[in-house]
Amino acid sequence: MGVIVPGGQQAYVAPDGALSYTGAHSAYIPEGSIRDGFSREEPEAGQTFGYLHFDTGFVACSVEGQGYQVFGQVDGATFGDECLGFNALTSRSFSVRDAL
């Protein structure tokens, strides 16, 4: 989501629970998606990492040959034993100004 386009991009949880984001130059979000429930915990003083939260939590499920697919735990979604709940880390933005 590091694109520089007018309006940027938006993250959302799709109706099937998949963590998703809008495409560049598009504001399309499927009906039934969840756009709220996200919050960000800033890094503590002197720390680099904070946390991204979703109200009901995140789950990552293995996708053969592709790594993991991230989901928000939503009503009606079931996840197999191979799926793992996790806390999502965020990093504070770094700019040239930070280095000066």
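The values are calculated or read from the model by the stated rules, or taken from the named source; none is laboratory data. None of the values given here were measured: they were computed from a predicted structure. With ideal geometry, Cβ positions are generated from the backbone for all residues, glycine too; neighbour counts draw on all protein chains shown.
Some notes on this structure:
- Hits in region 10-41 - residues which are more than 10 Å from the chain's Cα centre (by Cα) and among the hydrophobic types (A, V, I, L, M, F, W, C): Ala14, Ala24, Ala27, Ile29, Ile34
- Matching entry among Phe71, Phe79 (being of a type in the set (Phe, Trp, Tyr) and in a loop (DSSP other than H, G, I, E, B)): Phe79
- Residue check for Thr56: of a type in the set (Ser, Thr, Tyr), surrounded by 15 or more Cβ atoms within 10 Å (Cβ to Cβ) and assigned to a loop (DSSP other than H, G, I, E, B): yes
- Restricting region 68-93 to residues that are within 22 Å of His53 (Cβ to Cβ), loosely packed, with under 10 Cβ neighbours inside 10 Å and not polar (S, T, N, Q) leaves a set whose member that is modelled with the lowest pLDDT is Gly76.
- A Cβ distance below 7 Å, combined with a sequence gap of six or more or placement on separate chains, defines the contacts here; from region 43-71, residues that are on the phi > 0 side of the Ramachandran plot reach residues that are at pLDDT 90 or above in the pairs Gly57/Gln73; Gly57/Gly85.
- Matching residues, region 1-41, being of a type in the set (Ser, Thr, Tyr), assigned to a loop (DSSP other than H, G, I, E, B) and closer than 26 Å to Gly85 by Cβ: Thr22, Ser33
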